[in-house]
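Undergrad: Take this structure first; my questions come after.
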Amino acid sequence: MGSVSLTPELHVSREDVLAQLEAILADRRFASAERNAKFLRYVVERTLEGKSGEIKETVIAGEVYGRASDYDPKTDSIVRVEASRLRQKLRRYYENEGRSAPVRIHLPSGSYVPHFEASPGGVAGEPGLARPKPVLEPASPPVGRRGRTLAWTTVAVVMLAVLSIRVAGAWRSGGPHPEAAASFQEAVALMAQDPHVGQAERGAPPTLLRAIERLELAVAKDPGFARAWATLAEAYEYAFAYVGRDPGEDARRAEAAARRAVAIDPDLSAGHHMLGLIQMMIKWDFPAAEISYRRALELDPRNVYAAVEYADLLRETGRATQAAELIRRSRALLPALPPLAWKEAEIHLDLGHPDAAITAANAALQLKRTYTRAYIPLGMAEEMKGDTTSALARYEYVLSLDPFDRRALPAYGYLLARAGQTARAMQVLERLKLMNAIRRNCAFQVAVVYAGLGDHERALDWLERAWRTRQVHFPFAVVEPRFRCLRDEPRFQRLLSQAGLDPRAFQPAA
């Protein structure tokens, strides 16, 4: 996973580290020691975000202990003193309550960057099993899928962290072919940069194309490399929406790679997850996708994006209450992950609970202040409560970081239109159309702005284009509150039915 082992044989995933962090902070030694707890959380989370280079004494002094910018470590030793106390507490914890913990978090002497390793005798998350999981090197960002927020250099760490969850399956005895492993590691590093960030002038970004190339080499060199097949499925699913690609071929290759991963290792959550993703997002085969997501979560309940995507499937099929329960259980398992709080906010909007949505969105931002995706449901909740000014400010903040954000742009354009600022809404519309022409499919987003402008015919034209091109966003039309004005339109109902969705299954909040 873009790293090297911290021990010769034992490995640990990002999610196992987060789970162990929460276990440590719940221990009596840390529950009553706020400063040590804050110190530990800070250095662990920054390391998992790939920001270990920023973990310095002067930074910790300011971020954790509120010292001024002119802090001088020569005259104020608070960081060194607290680090020493923290090391002692960690040592006592692992000598006592934590002696059977599946993961060990160490703060090496002379450093503020923690190290993570699986405890001898078991693998994190799977006590008693000798099956290794992917490794995290403290200085390397974790990897995963669907990084779609603004602060790209930060969000690639969180949104792309899921691959360490999703592909956390067993290496075969002896490990993969060395050349295959090297190609896989390079591809993972490329995808950790967030393929959607490295935009080309037209079509797919070079980071994504290179990742596909390296993954194809990995599976060619080692056809039994299940994790590489699962990651290849993800890469082709990413590529599916870009201008200039052959979407039919990308869809075929994505599904074939996911099925190959499942065939090689039926117990690999990643393979079932990727198969479910493709069945839901590309094939719109919702019953089959549900089976795949259920299996992925049976194999790994901590597979955060399998939970998030399965919740979306439940929403799209009229089961928002079940989606809320799924995310509630997932947050109980993984309380420190912003994507789960963000998804909870979206579900509260489905259910017509704007205050609860605001609480959940703010929880995501408290966990990660740069998690800009959370500003979208936050703005939508404020919009639902009639606070147009605050909602516009949320979207403007996100767009100040990335003028081409595909969540904030349609939200902003729609609200501008509803607020009577037609000229500015049209500018947003033209930007989305340009993106659709030269970068990637944005037909759904264009339809949202036309709905705000009250141009139902053009909104339906663009929705039909989204349906015809199998844009991955199209199934969300059934829960999109901005399409409430279209729900009685026979054409809208027909499009949903043609995608295998029941337009009567979801009744949006008034």
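The values are calculated or read from the model by the stated rules, or taken from the named source; none is laboratory data. The model shown is predicted, which means the values in this text are computed figures rather than measured ones. Quick reminder, even Gly has a Cβ in these numbers, built from the backbone with ideal geometry, and neighbours come from all protein chains shown.
Undergrad: Starting from the range 36-52, keep only residues that are closer than 12 Å to residue 18 by Cβ and among the β-branched types (Val, Ile, Thr), then list their pairs with residues that are at pLDDT below 90 and part of a helix (DSSP H, G or I) whose Cβ atoms are within a distance under 6 Å, requiring at least 6 positions of separation or different chains.
TA: What qualifies is 44/21.
Undergrad: Still on this structure, I have one more. Just to confirm my filter: which helices (runs of 4 or more DSSP H) fall fully inside the range 338-399 and include at least 3 residues that are under 16 Å from residue 413 (Cα atoms)?
TA: Of the helices (runs of 4 or more DSSP H) lying wholly inside the range 338-399, those with at least 3 residues that are under 16 Å from residue 413 (Cα atoms) span 375-384.
Undergrad: Conditions: (1) under 20 Å from residue 46 (Cβ atoms); (2) surrounded by 14 or more Cβ atoms within 10 Å (Cβ to Cβ); (3) not polar (S, T, N, Q). Residue 66 meets all but one. Number of the miss?
TA: Among (1) under 20 Å from residue 46 (Cβ atoms); (2) surrounded by 14 or more Cβ atoms within 10 Å (Cβ to Cβ); (3) not polar (S, T, N, Q), residue 66 violates only (2).
Undergrad: Hey, another quick one. For the range 50-66, state whether one or more residues are aromatic (Phe, Trp, Tyr) and under 26 Å from residue 334 (Cβ atoms).
TA: No, that holds for no residue.
Undergrad: Quick one: in the range 436-459, which of the residues that are in contact with a Phe, Trp or Tyr (Cβ under 6 Å, 6 or more places away or on another chain) and more than 15 Å from residue 411 (Cα to Cα) is surrounded by the fewest Cβ atoms within 10 Å (Cβ to Cβ)?
TA: Taking the candidates together, the pick is 458.
Undergrad: Only one of 83, 33, 68, 61 is without any contact (Cβ under 8 Å) to a residue 12 or more places away in the chain and farther than 24 Å from residue 13 by Cβ; which?
TA: Only one candidate passes the filter, namely 68.
Undergrad: Shifting gears a bit: Select from the range 320-333 the residues that are closer than 14 Å to residue 19 by Cβ and out of contact with any helix residue (DSSP H, G or I) (no Cβ under 6 Å at 6 or more places or on another chain) and list them in ascending order.
TA: 332, 333
Undergrad: Follow-up. Do you know which of the residues in the range 321-337 that are at pLDDT 95 or above and surrounded by 24 or more Cβ atoms within 10 Å (Cβ to Cβ) is nearest to residue 42 (Cα to Cα)?
TA: The selected residue is 330.
Undergrad: Tell me, which residue of the range 34-54 that is in contact with a helix residue (DSSP H, G or I) (Cβ under 7 Å, 6 or more places away or on another chain) and part of a loop (DSSP other than H, G, I, E, B) is surrounded by the most Cβ atoms within 10 Å (Cβ to Cβ)?
TA: Going through the qualifying residues, I end up with 50.
Undergrad: For the range 454-475, state whether one or more residues are touching an Asp or Glu at 6+ places or on another chain (Cβ under 6 Å), hydrophobic (A, V, I, L, M, F, W, C) and touching a residue at least 12 places away in the same chain (Cβ under 8 Å).
TA: No, the range 454-475 contains no residue that is touching an Asp or Glu at 6+ places or on another chain (Cβ under 6 Å), hydrophobic (A, V, I, L, M, F, W, C) and touching a residue at least 12 places away in the same chain (Cβ under 8 Å).
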